[in-house]
Amino acid sequence: MLETNAKKNTIKNIVFDFGDIFIDLDKLASMRLIHEEFPEFTLNQDIINTNNEYEKGIISTTNFIESYKKSLPNISDERLKEIWNAIILKIPTHRLAFIEELSQKGNYELFLLSNTNELHIEQVIKNNGLKSYHRFKNCFNKFYLSHEIKFRKPNRDIFEFVLNDNNITPGETLFIDDTLEHINTAKQMGFHTWNLIPGKEDITELFSKDYPFKD
């Protein structure tokens with residue numbers, strides 16, 4: 001879904017989500033694998049809270065694993081990590097080439113803003129290779145991972161953190177994410193927004209969209 005506002009200023013900054021914007025995800029993989037081994041498992045509020053705390057870096061990987069093992073008896077640490085990381089796939093080469101070209105042109109300040117966690121980033125590096133990961137990371141002026149900055153989307157404070165850390169304004173900033181809840185917060189704050197639909201749209205189509213981009 002495309003959202004813009006002609007009264008806003010020209011876009012000077014672009015804030016990208018990571019998962020299903022650049023890197024492909026299998027979002028159902030972890031629950032699918034858990035249910036193969038533990039059919040009675042349910043994603044209750046306590047587990048959701050644990051996931052959110054881990055994404056914000058409030059709890060360590062060790063504590064995260066121990067928390068899950070209370071609901072998954074007799075599972076090994078390594079098997080739990082495999083299941084948790086099954087969601088992570090690869091960054092397609094055409095998307096890496098796109099962001100590298102955009103970065104090299106230097107027309108925009110580029111930021112990555114991702115809800116993620118230590119284990120998932122380790123798997124990103126494993127799946128894509130350290131060299132490719134650094135190629136990707138080096139395309140951005142700032143690279144914000146939720147577990148490192150202690151904020152997570154869709155909370156307003158994570159957007160305020162990015163704005164304040166870079167002295168930029170929402171009206172000059174485009175935020176791209178595949179999660180509508182995240183988009184709604186940014187839109188309320190005055191960002192230009194693109195709610196990219198994975199499988200129907202691709203980040204490489206960005207400049208075919210009707211935004212007030214710089215000439």
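Below are the figures for this structure:
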| read-out | value |
| --- | --- |
| Charge dipole magnitude, Cβ of K and R +1, D and E -1 - the chain, Cα centre, debye nearest 20 | 460 |
| Two-site label geometry, Lys150 and Leu72: point separation in nm, points 7 Å out along Cα→Cβ | 2.8 |
| Members of Lys27/Lys150; Lys137/Lys214; Lys56/Lys209 lying beyond 25 Å, as alpha-carbon distances in this model show | Lys56/Lys209 |
| Only Lys, Arg (+1) and Asp, Glu (-1) charged, at Cβ; the range 73-196 dipole about Cα centre in debye | 240 |
| Degrees, to the nearest 10: 93-105 long Cα axis against longest axis of the chain | 40 |
| Residues in the range 93-112 reached by a label modelled at Lys131 [backbone nitrogen below 19 Å; 7 Å Cα→Cβ] | 93-101 |
| Value at 222 nm in deg cm²/dmol, rounded to 500, when DSSP H runs of n ≥ 4 in the chain each add -39,500 (n - 2.57) | -12500 deg cm²/dmol |
| Which of Leu119, Leu102, Leu180, positive extreme of dipole for the range 77-215 (C-beta unit charges) | Leu119 |
| Extension gain from Lys214 to Phe38, taking 0.36 nm per residue of separation minus the Cα-Cα distance | 58.1 nm |
| Carbon + sulfur, % of accessible area of the chain - ligands and nucleic acids excluded, 1.4 Å | 47 |
| Overall dimensions of the range 8-167 by Cα: Rg and Dmax, Å | 17.2, 56 |
| For the chain: accessible area per residue (Å², 1.4 Å) | 51 |
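The values are calculated or read from the model by the stated rules, or taken from the named source; none is laboratory data. Predicted model only: the values in this text are computed from it and were never measured. In this analysis, Cβ positions are derived from the backbone assuming ideal geometry, glycine residues included, and neighbour counts consider all displayed protein chains. Areas reflect the complete protein model, heavy atoms only, side chains present, ligands, DNA and RNA absent. Shrake-Rupley method; radii C 1.70, N 1.55, O 1.52, S 1.80 Å.
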